[in-house]
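Just so you know, all these numbers are worked out from the coordinates, no wet-lab data involved. It should be emphasised that the depicted structure is a prediction, and the values quoted were computed from it without experimental measurement. Cβ placement follows ideal geometry from the backbone for every residue including glycine, while neighbour counts extend to all protein chains displayed.
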Amino acid sequence: MPDAAATPPAVRPRVLSGIQPTADSYHLGNYLGAVRNWADLQSVQPDGTSYEPFFFIADQHAITVEQDPKVLRRRTLVAAAQLLAAGVDPERSAIFLQSHLPEHAQLGWVMQCLTSFGEARRMTQFKDKSAKGGEGSSSVGLFAYPMLMAADILLYRPAYVPVGEDQRQHLELTRDLAQRFNSRYKKTFRLPEPYILKETAKIYDLQEPTAKMSKSASSPNGLIDMLDDPTVSAKKIRSAVTDSEAEVRFDEVAKPGVSNLLRIFSALSGVSIEKLEADYAGKGYGVFKSDLADVVVDVVTPFRARTHELLDDRTELDGVLARGAERARAVASKTLADVYDRVGFVPPFTV
Ligand code: ATP
Ligand code: LTN
């Protein structure tokens, strides 16, 4: 019989993801589509897999467009506090700020030198984001954004990178760059697999339920901010756009508004959409929305309280970020040293 104590612990596949600090609060879409999934990845998965998670706030990505320094600093800390409030647990995950690890920018430069201009120009996010002001007035940083993202990922040699569908192309570039580096120099990087979050995790605008919920929404009534006053959020749910029927039924084409509310209800309560449809059969939209408003209030109230608690006394948060950076550095500095060696940089002299 194998001696359990002598069995080495199984290697846990690493997962890594980042999120930008570009708003004063995450919205319900960011919460359900990204952050809460990160918290879920910390537990043993239904297939028995247990991951080693690394999560960070991409503050360096945020300055690809102009930022007020005070606002950026505040948003970065609010973002980190919200990760903890959402259940990302510093005991199980390394939680850190991108700018605390110079290795990201250092490997980012190597990635830029590996990327062709044409390849970078094909990135649809760059095309979208530079379209407004014109490519000529976009920062070079915005152009190089995917190469910094590739560095963020490859430094940690993760097995999976949980991201939304919009980041798939950046993940593909990351894999191409990893492969290019490995064949040009020596096998150094693991090719990360995208862990594309389910389409069901996509949350739509409450007033315009065919557009995704976004901080750049046309009306604030379509958006639930996690740190908003819960009574305001409850009101937004009660006045969400539905349709002229009265049947609580999931049908994304014919009933996008109700389907979006069902998705939110199910994601927040853990009750399946089918069960919700059955529970609200014949009850009309009023009761349905009012119950969903209560569910939203029950989730956002403690979330908000915990975020404020962490920001009011920074001791805990600062400690979490310091320990997270330390754990991240242990991995990132090793990868960067391998890269520098393989590229042909002379190691620093000691006197
Ligand atoms: P934008 O204003 O550029 O649309 P946003 O606030 O909607 O931005 P991002 O900063 O692009 O969101 O995304 C942060 C994370 O939240 C990403 O992982 C993204 O996939 C996820 N996310 C954003 N909006 C939604 C949504 N409506 N539903 C589900 N996930 C979302
Ligand atoms: N581009 C991502 C944020 C991001 C990221 C990363 C995600 C920056 N670096 C590394 C995963 C891995 C976004 O805007 N959602």
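For the range 74-80, take each phi angle, set θ = phi - 60°, evaluate the Karplus expression 6.51 cos²θ - 1.76 cosθ + 1.60, and give the result in whole Hz per residue in order, putting x for glycine and proline.
4, 5, 5, 5, 4, 5, 5
According to the square roots a ≥ b ≥ c of the eigenvalues of the Cα gyration tensor, what is the shape class of the range 60-138, taking rounded for a/c under 1.5, prolate for a/b larger than b/c otherwise, and oblate for the remainder?
It is prolate, given that a/c is not under 1.5 and a/b is the larger ratio.
Residue by residue, what Karplus-based ³J(HN,Hα) values in Hz, rounded to whole numbers, does the range 249-264 have, using 6.51, -1.76 and 1.60 with θ = phi - 60° and x for Gly and Pro?
Here the 3J(HN,Hα) series is 9, 7, 7, 5, 7, 7, 9, x, x, 5, 4, 5, 5, 4, 5, 5 Hz.
In terms of the Cα gyration tensor, with a ≥ b ≥ c the square roots of its eigenvalues, is the range 97-211 rounded because a/c is under 1.5, prolate because a/b exceeds b/c, or oblate?
Taking the square roots of the gyration eigenvalues as a ≥ b ≥ c, the range 97-211 is oblate.
Once you've got the GNM for the chain with C-alpha springs shorter than 10 Å, pick whichever of I153, I95, I264 has the biggest mean-square fluctuation.
I264
Please give the calculated 222 nm ellipticity per residue for the chain, where each DSSP H segment of at least 4 residues contributes -39500 (n - 2.57) and the sum is spread over every residue; nearest 500 deg cm²/dmol?
The helix contribution divided over the chain gives -15500 deg cm²/dmol.
How much of the DSSP beta bridge set in the chain is antiparallel, as a percent to the nearest 5?
Of the beta bridges lying entirely in the chain, close to 15 percent run antiparallel.
DSSP loop GluC sites (Glu not before Pro) in the range 58-125 with at most 13 other Cβ atoms within 10 Å of their Cβ, which ones?
E66, E91
Evaluate the charge dipole of the range 194-254 about its Cα centre and quote only its size in Debye, nearest 20, assuming +1 on the Cβ of each Lys and Arg and -1 on the Cβ of each Asp and Glu.
220
To the nearest Å, what is the center-to-center distance of the range 8-37 and the range 74-121, using C-alpha atoms only?
First find each Cα centre; the distance between them is then 11 Å.
With the crude spin-label approximation of a point 7 Å out along Cα→Cβ, what separation in nm comes out for R323 versus S214?
3.8
Counting other Cβ atoms within 10 Å, keep those with at most 11, restrict to DSSP loop, and tell me which chymotrypsin sites (Phe, Trp or Tyr not before Pro) in the range 114-181 are left.
none
Using only Cα atoms and rounding to the nearest 10 degrees, what angle (0 to 90) does helix 140-154 make with the longest principal axis of the chain?
Computed tilt is about 80 degrees.
Work out how much length S116 to T49 would gain on full extension: take 0.36 nm times their residue separation and subtract the Cα-Cα distance, in nm to one decimal.
Answer, rounded to one decimal: 20.4 nm.
Could you list, in their original order, any pairs among K255/K289; K212/K236; K235/K289; K202/K283; K129/K215; K198/K289 whose Cα atoms are separated by more than 19 Å?
The answer is K202/K283; K198/K289.
Which value in nm describes the separation of the simple spin-label points at D40 and K283, placed 7 Å from the Cα toward the beta carbon?
2.3
With just the Cα atoms defining each centre, how far is the range 143-208 from the range 304-325? Give it in Å.
That distance is 28 Å.
Determine the shape class of the range 26-104: with a ≥ b ≥ c the square roots of the Cα gyration tensor eigenvalues, call it rounded for a/c under 1.5, and otherwise prolate if a/b is greater than b/c, oblate otherwise.
prolate
Ordered by residue, what ³J(HN,Hα) values in Hz, to whole numbers, does the range 265-277 give under the Karplus form 6.51 cos²θ - 1.76 cosθ + 1.60, where θ = phi - 60° and Gly and Pro are x?
Values, residue by residue: 4, 5, 5, 7, 9, x, 8, 5, 4, 4, 5, 5, 4 Hz.
Where does each of 341-348, 71-78 land if you order them by average Cβ count within 10 Å, highest first?
Per-residue Cβ counts within 10 Å, averaged per peptide and sorted highest first, yield 71-78, 341-348.
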